[in-house]
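Since the structure comes first, as structure tokens, the remarks are kept for the end.
The values are calculated or read from the model by the stated rules, or taken from the named source; none is laboratory data. Computed from a predicted model, the values in this text were never measured in an experiment. Using ideal geometry, Cβ is built from the backbone for each residue, glycine included, and neighbour counts are taken over all protein chains shown. Heads up: the accessible areas ignore ligands, DNA and RNA and are worked out on the full protein's heavy atoms, side chains in. Shrake-Rupley method; radii C 1.70, N 1.55, O 1.52, S 1.80 Å.
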Amino acid sequence: MSFELPKLDYSYNALEPYIDARTMEIHYTKHHAAYTSKLNDAVNGTALEGKTIFELFRSVSSLSPAIRNNGGGFYNHSLFWKVLSPNGGAPKGDLLSAINTSFGSFDKFKAEFSNAAATRFGSGWAWLVKTGNGLVVSSTPNQDNPLMDVAEVKGTPILGLDVWEHAYYLNYQNRRPDYIEAFWNIVNWEEVSKRFIS
Ligand code: MN
């Protein structure tokens, strides 16, 4: 049993002008594909073969860096593509209520998330995390995520933003804040809602 690169639900140019087609294509066919195949290389033929990605994350501190980095890369990008959509919109219903309860308002949530993404030093991710204590914004370095036993904030990530330079440099160069601002136009809030209630 191997981990498989999931199919994209949209074409490489679907998220333009916010994310350009060339970045999407390289990000998916090179970066995400490489994390996936390197994860398989690290797991196949070992005692870990057949474990779910969630099982690996739960004890990732005791596993090899290859599994931590490539397992995270495999899962994080699988989530990332799903929470993006050409038809953005806004959160509603129970998710919006939970955002209001945890952050005061959608705008306050957005500011906190954007700040987490902008201030993550070097490579990493910003997250909206479902925890036992409501919704929380966090960020993680490299390809870590809130499902890992090493994460400062643990819980279920329901929205993530990749702030590695490979995610934005072709179009935005060093202007990470512009990329973060653009991201808000293409969040798939229906998918985030699904992950919130499941
Ligand atoms: Mn990436």
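Within the group 160, 124, which residue is farther than 24 Å from residue 9 by Cβ, within 14 Å of the ligand (Cβ to nearest atom), open to solvent by less than 10 Å² (accessible area, probe 1.4 Å) and not acidic (Asp, Glu)?
Of the residues listed, the single one that is farther than 24 Å from residue 9 by Cβ, within 14 Å of the ligand (Cβ to nearest atom), open to solvent by less than 10 Å² (accessible area, probe 1.4 Å) and not acidic (Asp, Glu) is 124.
Can you tell me which residue is farthest from residue 193 (Cα to Cα) among those in the stretch 87-96 that are outside any helix (DSSP H, G or I) and open to solvent by 50 Å² or more (accessible area, probe 1.4 Å)? Give the derivation first.
Going through the stretch 87-96, the residues outside any helix (DSSP H, G or I) turn out to be 87-92.
Then drop every residue that is not open to solvent by 50 Å² or more (accessible area, probe 1.4 Å), which leaves 87, 89-90, 92.
Values: 87: 15, 89: 12, 90: 11, 92: 8 Å.
By that ranking, first place goes to 87.
Please tell me if residue 71 is in contact with a helix residue (DSSP H, G or I) (Cβ under 7 Å, 6 or more places away or on another chain), part of a loop (DSSP other than H, G, I, E, B) and either away from the ligand (no atom under 16 Å from the Cβ) or of a type in the set (Gly, Ala, Ser) (or both). Walk me through it before giving the result.
Numbers: in contact with a helix residue (DSSP H, G or I) (Cβ under 7 Å, 6 or more places away or on another chain): yes; part of a loop (DSSP other than H, G, I, E, B): no; either away from the ligand (no atom under 16 Å from the Cβ) or of a type in the set (Gly, Ala, Ser) (or both): yes.
So residue 71 does not fit the description; no.
The set of residues from the stretch 127-142 being outside any strand (DSSP E or B) and either open to solvent by less than 40 Å² (accessible area, probe 1.4 Å) or touching a helix residue (DSSP H, G or I) at 6+ places or on another chain (Cβ under 8 Å) (or both) comprises just one member, 142. Do we find a residue being touching a residue at least 60 places away in the same chain (Cβ under 8 Å), more than 28 Å from residue 29 (Cβ to Cβ), part of a loop (DSSP other than H, G, I, E, B) and away from the ligand (no atom under 16 Å from the Cβ) anywhere in the stretch 97-118? No: zero hits.
Against the conditions (1) over 23 Å from residue 57 (Cα atoms); (2) of a type in the set (Phe, Trp, Tyr); (3) away from the ligand (no atom under 16 Å from the Cβ), residue 196 satisfies every one except (1).
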